[in-house]
Structure formats: C-alpha cells, structure tokens
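The values are calculated or read from the model by the stated rules, or taken from the named source; none is laboratory data. Model, not experiment: these values are computed from the prediction. Virtual Cβ from ideal backbone geometry, glycine too; neighbours counted across all protein chains shown. Keep in mind that these areas ignore ligands, DNA and RNA; they rest on the heavy atoms of the full protein, side chains included. Shrake-Rupley method; radii C 1.70, N 1.55, O 1.52, S 1.80 Å.
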Amino acid sequence: MASIPQAQIEKPGSNKSKRSTRYYTDVHGLPCNENIVRSAEDTPEVINTKISGTISEWISGNFLRNGPGKFEIGNQTFNHWFDGMALLHQFKISNGQVTYRSRFLSSECYQANSEHNHIMVSEFGTVTLPDPCKNFFQRFLSRFELPKATDNASVSFVTYKGDYYVSTETNFMHKVDLETLETTKKVDWSKFIAVNGATAHPHNEPDGTTYNMGNSYTSKEETLEGATIVCSIPSTDKTKPSYYHSFAMSKNYVVFIEQPIKMNLLKIVTGRLTGKSISESVSSVKYHTKAMSTFHQINAYEENGFLVMDMCVSDDGQAINNYMVQNLRKSGEALDEVYNTMCRVFPRRFVLPLHVGTEMLCGTNLNSQTDSTATAIKISNTKELHIYGGLEFPQINYAKYNTQPYRYFYGCGFRHLVGDSLIKIDLQGKQMKDKSTFLLVLDAKTFQELGRAEVPVNIPYGFHGTFNATA
C-alpha cells in the first residue's frame, strides 16, 4: 500500500501533556466561502450565457449537475452542507453556444417543507423539530416516531436502463426529464429489493448492466424488475455497519471497504427522541489495512495476479463534520482554524494479491509488482499534492478505462474547505497540472482554456454531475 504521510503541526504555546488539537497545515487569510452555501432561486426557464473564447462545435449535449441549493426553510437553517434541498442544473451545449436552466427537485420533503414553511423531514445533519401546528401532546408523541428517510436526492445523477435519475444514499431516487429537469417518477428501492439505502455511485458496464451496493436490515423475496442480488457481505458488527459512499469494481471483483466510520443504528432510530442527527450517529477474502476513511474510488483493475485499486483516502473520519454550514460560512481566523485542523485526502494505491496460498510465509511482502511501492504482507509518495491541499472527487475516462489499467485521472485540489483547483494526474510520468476552478471548457491534454460560459445567477457549490452526449 503506497501512502502519503500527513504532517502534524503543534500550535504555538500548546501543552503537549494535554490532548491538543492536531494541525495539518498553517494557512492564514482564506477568503470567506459564504456564497457557495447561500440559498439560490431556481431558473426553470432557459437563459443564455455569455461566451468567451471558443467552445468546440463537436461538443453537443447536456452537462448536468446536482447539489444542495436551499439551506433555509422559513426561519430554520439546515446544519450541514449535505442537508440543503436538491437543485438540479443543466448546461445545454450545442453549436458552440451554451444555455442554462435549474430546477429544484420536486421531492416529497421539498414539497412538505415548502407547504409548511418548516423543516418537516430530518436530513443528514439536521433533526426536524416537532410541527408547531400540532398541539403539545401531539408534539410530544412525535418524538417517539421512527425517523422518515429523506427523498432529497441531492448527490448525483445516475443511469439505469438508459434513463436518468437523481439519487442520494437513502432508498429513494427520482427519475428526471433531461430537457426540462422536471421530476417525473419516484422510486423506492425497499419496495422491490431488501435494501434500506443504496450508494449514489453505481458502476455501469458497456452493455448497460448496472451494479450498486446497499444496506439491508430486512428480508424480501421480490427484486426490482430486472435486478439480481449478486452477493451479500455481512457486517462485522450488525448493529453498527460501516458507512460507505461508493465501492470499487474490477472485471471480476467487487471491493467493499469496511472503514471504521460506523453508523449506530440505535442512535439513528432514536434520533427524534434524543435530538441527534445521523451525522452524530456515525461512530470470502479479507484484506486488513490501517484505519482510514474514503468517499470515492478512482479505479480498480486486475493485473498479473493482483487487484490494483486506487482511491482517495483520509487518515481520520472527521471530514464529514467539517462541512457543517456554520463552518462553510466562517471567515477570518475562525475559517483558517477549521481548514488547518482538517485532515487531508490523498490518492492511495492498494495492490492486493488475489492468490494467497498457505505456503506463503507470514511477514513477507507478497507484492511483486516492480512499478509499485505498495506492500501486501500476510496475517508513491507525491509530496507535491500537499500544496494543493490533497485531492478528492476523482474522475477517469470511465467508458474506456473503468476496470482497465489507465494512465490519467482528474480531481479537485483543496486549498480551501471545498475544491478550488482542478488537477490532472499522470500515473506513468508522475506529473500533475492544475487550473483554478471556474465553469470552463478545457483541453484535457494541455489544460488550456478553450472557452467559458458565464451564468448571470448564483450557483451554490454542488456535489456530482454527468454529461449526456447528443448527436
């Protein structure tokens, strides 16, 4: 396993005999990020953009983005970046021109929140308060109700059988009309297959087959139309399963990372009573590594008897808590403090031997790959990434290289709490290029700007997107 060491900086005047705050950087004067978590209005009618430079005419299709866009309901504010109401974005590119539209996802929780002008459904970091329209006794009893899963699908766009859906990590997703961004159908996974949630990052094969992974706390015989259960992976602790945002897949293997970020099911179920949100309840062959946390895998492939897997990894599990809305809206020294105490995320390669025989000696490095410094014992250190604050949100040329050996991947650098630069990694040459982030069309080889489309409205910082090419 090749890893990048984390630097630890002792704050001046700190008493080492006491438990001190760990500092990973010593950055000062970060600009305030408040605008990227400022509620926006949707623009369901198409608006033109201002083009500068040249956008190649062969680029034709819809660039789709998903993410939170509304952080206040009435006089209440969501606590976490993940909690904002889903706002869908469409950049339609045709003949060198770009138009833009956006629309709030018409989820049941969005409709209920809008109707009552009150947060009606608990989100990841926000527990709903009893409805003020209820009498005292009704409000008291409501604290004993089981939490209702949110259908606020604000994470990503995914495809199933050629149709586009927006998804989150609960058992709900919504089918979306790509032309109008209107919500056309709500799908509840749990009515068809025994899952209580699924990742927002499924894997797709060229023939249209889709693979996904979800938690299951109940039993059902029916399956989603056309769906097959490939395998089941039992949790080490059934009452505290590991949190996971995605999974890795090669041609013949599915890889699940059971990280030490646990979901306390009892605390989640009793959240209404205790006032605790889900974010506060996070507490075959097996390969063991040191404790880590990961949101996104870059790629995985099989080569010469090894499973090579690349992912973005942090050495602690506190990243989720850093993205409370109150942190993202801080400025000055308070913002610097949050950033400097945030553990960095870096790409890390795992080389897993697929054939571990009883004759192999314990304590011996089983990795015989000459181009890798990773170690795999039985029972590339890229320091320049530190100046970019680490790397997350990795992307490859998925259609061509998923589950195959590959050379390039792209990601966001984090010289702030959120991604502020675009990075290209050459795995062969160990080279890297970056560009400050704007809404741009770049040459993927040189990172030179080709053109940009300026939108005259506020677009909050989102999560994931996709490109739907048209002829």
Item to check | Cβ-Cβ FRET estimate between residue 163 and residue 22, R0 fixed at 41 Å, reported to 0.05 | outcome: 0.35
Checklist entry - Roughly how many Å² of residue 290 are accessible to a 1.4 Å probe, to the nearest 10? => result 100
Checklist entry - Working out 0.36 nm times the residue gap between residue 239 and residue 114, then minus their Cα-Cα distance, what length gain in nm do you get to one decimal? => result 41.5 nm
Checklist entry - In nanometres, what is the gap between the two model label sites at residue 457 and residue 395, each 7 Å from Cα along Cα-to-Cβ? => result 2.1
Item to check | Förster radius 45 Å - calculated FRET efficiency between residue 251 and residue 47, Cβ distance, rounded to 0.05 | outcome: 0.55
Checklist entry - With every protein chain present, what is the per residue accessible area of the stretch 66-114 (1.4 Å probe, Å²)? => result 30
Next on the checklist: Can you compute the label reach from residue 428? Point 7 Å from Cα along the Cβ direction, backbone N cut-off under 11 Å, restricted to the stretch 395-417.
Outcome noted: 406-408
Checklist entry - Listed here are the pairs 70/175; 70/148; 175/251; 70/161; 92/185; 92/191; which of them are more than 25 Å apart at the Cα? => result 175/251; 70/161; 92/191
Next on the checklist: At 1.4 Å probe size, put 392, 205 in order of accessible surface, largest to smallest.
Outcome noted: 205, 392
Checklist outcome for this item: Per the C-alpha gyration tensor (a ≥ b ≥ c, the square roots of its eigenvalues), the stretch 18-90 is rounded if a/c is under 1.5, else prolate if a/b beats b/c, else oblate; here it's oblate
